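Here's the structure, in structure tokens; my notes come after.
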Amino acid sequence: MSGRYSAESAVDRLSAPVALTYLVYATAAVFFLFPVLWVVSMSLRQPGEVLSYPVQFVPRRVTLDPYVRVLQDSGMLTWIFNSLKIAILEVVGIVLVTTPAAYAFSRFDFRGKRHVLFGVLLFQMISPVVIVIPLYNMMAQLNLLDTHLGLILLYIGLQVPFSIWLLKSYFDTIPEGLDEAARVDGCSRLQTLIYVLLPSVAPGIAVVAIFNFVFSWAEFVMAFTVLSESDLYTVSIGLFSFQGQYSMDWRVVAAASVIAMAPLLVMFVALQRYFVKGLVEGAVKG
Amino acid sequence: MSVRSSRLPEGVHDAVASAAGSFERLQNTPATWIAPAALFLLVFRLYPLIEAVRMSFTNMSLVEPEYQYVGLESYVSILSSSTFWTMSRVTLIFVAASVVLQITFGMILALAIDYGVKEKLRGSVSTRVAVLSAWVIPGIVIGILWKIMLIETNYGVVNYLLLQAGFDVVAFLSDPQMALLSTITANTWRGTAFSMIMLYAGLQQVPTHLYDAAKVDGARALQRFRYVTIPQIKPVVFINLVLITIYTLNTFDMIMSLTGGGPGHATEVLALFMYLEGFNRFNLGQAAAVAVLMLLVNVLMTAVYMRIFIEEEGL
């Protein structure tokens, strides 16, 4: 009985819009996943199997040899360490710098606040690529070329606008009554921020932290400009220089690419909700 | 302890009290809270912007420390060079095609997922994750992914499939026009997720009763889309349009690893042209002039964005 019912409802549900929706889903899945899966499959092949004809979609015999080659022939481990270090310090820095600012923009009323906020937004809209040449000169004058410190400070500077706007939108959702209650109880503003407001804006801070981590990990132009010693490279510029020298064996380039994107993909699948939130709130609301 | 502190000279006592007081006062000034962020903004965002404008009026070079102010010479030489106009044309095609494709695919996906979620179809979340994962991957890696996909022998997987379907091998990256098309494809792959998410969020804000009313009036699906959905999400579409135009205009990393701007100058968009002019051909002055021209386009687009933004938020 129940089998017949569900079969009927399945036929019922396969109306034209449903079929069309599934067609869109399937096409999207193939178009967006195939390049990633292809490179993963490429990175697991035996030497002869890349240039085999007809092309094998799934490697016949899996080998981790390309990965071993990446780790032996390139500074990949150092680059991963550098990227992690830079991304983590950037995240800590940006949270420390922009949380107080976002608090102030949400809780104080002062003359010209609207203009300052729009000024910050204007900076967010202007791409860092446009200012890369003067930035290079400036970093040279400050003796910050070829230093991680320089790159971290630079990343914090670039990410201030986005992070302020996003955090401010979180502060704005917390009723001011909460602050006032704490102030009546004798808390200073700093205490109010730390003990009363921070727990409520924690999800916002998480979104800011995740987006900044992804930004720092993936960023290319600035790292490429500031860092020239391969020991100091991040994963992005390391991979770029490596694929330039190593384009003879695509399996190894593929393995290096998988290593470079895996941490972000894993993070993304695990924290998907935060990514969508950040995208929508960072863009639609400013 | 208390005895000691009571024995403190008056002056010190006052100083401690006033320090506590001024700490309190500092906390009540917004400037205190904003200062660190402002410092970063001034040093790493505002100063380089002003520097870019100043440099564009000089003949600064990467190899010679001496330079002079030469007025508009850099601009004149940039605007009269045919390379610049070729690059502008490449950029225009790249940006226009990417933006149209991203909005179109983003809209189709947003509508499909919106429908799928409402009808509780399976695969809605997985589709969203699949599309978004392309957006999470670093630009440099995206360029390499597509380079590997488009290898120009029958061993490249796309060429293999074309061959199977009875076509000839295509020179995806060494033919100038195909290279531009490949770059646009890779950029669409990367950016569609952003449009999808924004447009999907926009669709959620359309009040359901409008659809119900339209249904009662006998509007068919296509009519509902045309007369209810489109007018309702117009602001989101515009904001999306402006944002992805700016993003695409400033694309650098993905093209660097996919084509490096080549073959020849076929995919050298303005951002790349500027970078290579400055760091490979050492003309910092002229590179800065290109940067300022790009800046003007950025600011123009931002002005449009802010207009919509202000209207929407009622600020």
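Of all residues in region B:226-268 being aromatic (Phe, Trp, Tyr) and under 25 Å from B:PHE172 (Cα atoms), which is nearest to the other protein chains (Cβ to nearest Cβ)? Checked region B:226-268; the qualifying residue nearest to the other protein chains (Cβ to nearest Cβ) is B:PHE252.
Only residues that are out of contact with any Leu (no Cβ under 6 Å at 6 or more places or on another chain) and either at the interface with chain A (Cβ under 7 Å from one of its Cβ atoms) or surrounded by fewer than 21 Cβ atoms within 10 Å (Cβ to Cβ) (or both) were counted across region B:141-150, and they come to 5. I'd like to check something: does region B:207-220 contain any residue that is on the phi > 0 side of the Ramachandran plot, assigned by TED's automatic domain parsing to the domain that holds B:ALA291 and not hydrophobic (A, V, I, L, M, F, W, C)? Yes, because at least one residue in region B:207-220 is on the phi > 0 side of the Ramachandran plot, assigned by TED's automatic domain parsing to the domain that holds B:ALA291 and not hydrophobic (A, V, I, L, M, F, W, C).
The residue list A:VAL116, A:VAL129, A:VAL120 contains one member that is under 11 Å from A:THR225 (Cα atoms) and in the same structural domain as A:ILE86 (by TED's automatic domain parsing), which is A:VAL129.
Taking A:ILE194 as the residue in question, decide whether it is farther than 27 Å from B:MET301 by Cα, part of a helix (DSSP H, G or I), hydrophobic (A, V, I, L, M, F, W, C) and in the same structural domain as A:PHE215 (by TED's automatic domain parsing). Yes; evaluated as a whole, the condition is true for this residue.
Can you find a residue in region B:125-138 that is free of Cβ contacts under 8 Å to residues at least 24 places away in the same chain and among the basic types (Lys, Arg)? Within region B:125-138, none of the residues are free of Cβ contacts under 8 Å to residues at least 24 places away in the same chain and among the basic types (Lys, Arg). Inside region A:61-108, residues that are in a helix (DSSP H, G or I), aromatic (Phe, Trp, Tyr) and surrounded by fewer than 17 Cβ atoms within 10 Å (Cβ to Cβ) make up a count of 1. Among the residues of region A:95-105, are any of a type outside the set (S, T, N, Q), under 24 Å from the mean Cα position of the chain (by Cα) and under 30 Å from A:VAL253 (Cα atoms)? Checked against the condition, which is being of a type outside the set (S, T, N, Q), under 24 Å from the mean Cα position of the chain (by Cα) and under 30 Å from A:VAL253 (Cα atoms), region A:95-105 yields no hits at all.
Does A:ALA202 meet the test of being away from chain B (no Cβ under 13 Å) and in a helix (DSSP H, G or I)? It is true that A:ALA202 is away from chain B (no Cβ under 13 Å) and in a helix (DSSP H, G or I). Can you say whether A:PHE57 is of a type in the set (Phe, Trp, Tyr) and over 23 Å from A:VAL253 (Cα atoms), as far as the supplied structure shows? When the stated conditions are applied, A:PHE57 does not pass them. Quick test for you: out of A:ASP249, A:ASP185, pick the one residue that is farther than 30 Å from A:GLN72 by Cα and either assigned by TED's automatic domain parsing to the domain that holds A:PHE108 or among the charged types (D, E, K, R) (or both). Exactly one of A:ASP249, A:ASP185 is farther than 30 Å from A:GLN72 by Cα and either assigned by TED's automatic domain parsing to the domain that holds A:PHE108 or among the charged types (D, E, K, R) (or both), namely A:ASP185. When A:VAL36 is tested against (1) closer than 23 Å to A:THR234 by Cα; (2) assigned by TED's automatic domain parsing to the domain that holds A:ILE205; (3) among the β-branched types (Val, Ile, Thr), exactly one condition is not met: (2).
When restricted to residues that are in a helix (DSSP H, G or I) and aromatic (Phe, Trp, Tyr), region B:50-103 contains 4.
Within region A:123-143, the set of residues being assigned to a loop (DSSP other than H, G, I, E, B) and either among the acidic types (Asp, Glu) or surrounded by 18 or more Cβ atoms within 10 Å (Cβ to Cβ) (or both) comprises A:ILE126, A:SER127.
In the set (1) surrounded by fewer than 17 Cβ atoms within 10 Å (Cβ to Cβ); (2) under 25 Å from B:ILE197 (Cα atoms); (3) more than 8 Å from chain A (Cβ to nearest Cβ), the condition left unmet by B:GLU66 is number (2). Of all residues in region B:53-82, those that are among the polar types (S, T, N, Q) and free of Cβ contacts under 8 Å to residues at least 60 places away in the same chain total 4. With respect to (1) at the interface with another protein chain (Cβ under 10 Å from one of its Cβ atoms); (2) of a type outside the set (Val, Ile, Thr); (3) part of a loop (DSSP other than H, G, I, E, B), the lone exception for B:TRP135 is condition (3). Look at A:ALA19 and say whether it is at pLDDT 85 or above, part of a helix (DSSP H, G or I) and at the interface with chain B (Cβ under 8 Å from one of its Cβ atoms). Criteria not met by A:ALA19. The residue list A:VAL62, A:VAL92, A:VAL97, A:VAL116 contains one member that is under 20 Å from A:ILE210 (Cα atoms) and without any contact (Cβ under 8 Å) to a residue 24 or more places away in the chain, which is A:VAL92.
The requirement of being in contact with a Lys or Arg (Cβ under 7 Å, 6 or more places away or on another chain) and over 19 Å from B:VAL63 (Cα atoms) is not satisfied by B:LEU272. Taken over region B:94-121, the criterion of being away from every other protein chain (no Cβ under 12 Å), buried (at least 17 other Cβ atoms within 10 Å of the Cβ) and β-branched (Val, Ile, Thr) is satisfied by B:VAL95, B:VAL99, B:ILE103. Among the residues making up region A:134-191, those that are of a type in the set (Val, Ile, Thr) and within 21 Å of B:ALA35 (Cβ to Cβ) are A:ILE152, A:ILE156, A:VAL160, A:ILE164.
Among the residues of region B:1-40, the ones that are in a helix (DSSP H, G or I) and at pLDDT below 85 come to 24 in all. Taking the listed residues A:GLY244, A:GLY238, the one that is within 10 Å of another protein chain (Cβ to nearest Cβ), touching a residue at least 60 places away in the same chain (Cβ under 8 Å) and small (Gly, Ala, Ser) is A:GLY238, with no other qualifying.
Residues in region A:150-191 that are more than 14 Å from chain B (Cβ to nearest Cβ), in a helix (DSSP H, G or I) and hydroxyl-bearing (Ser, Thr, Tyr): A:TYR170 only. Could you tell me whether B:THR192 is more than 20 Å from B:GLN102 (Cα to Cα), of a type outside the set (A, V, I, L, M, F, W, C) and either surrounded by fewer than 20 Cβ atoms within 10 Å (Cβ to Cβ) or in the same structural domain as B:ILE148 (by TED's automatic domain parsing) (or both)? Here the answer is no, as B:THR192 does not meet what is asked.
The values are calculated or read from the model by the stated rules, or taken from the named source; none is laboratory data. Here the structure is a predicted model, which means the values were calculated and not measured. Note that each Cβ is placed from the backbone with ideal geometry, even for glycine, and that neighbours are counted across all protein chains shown.
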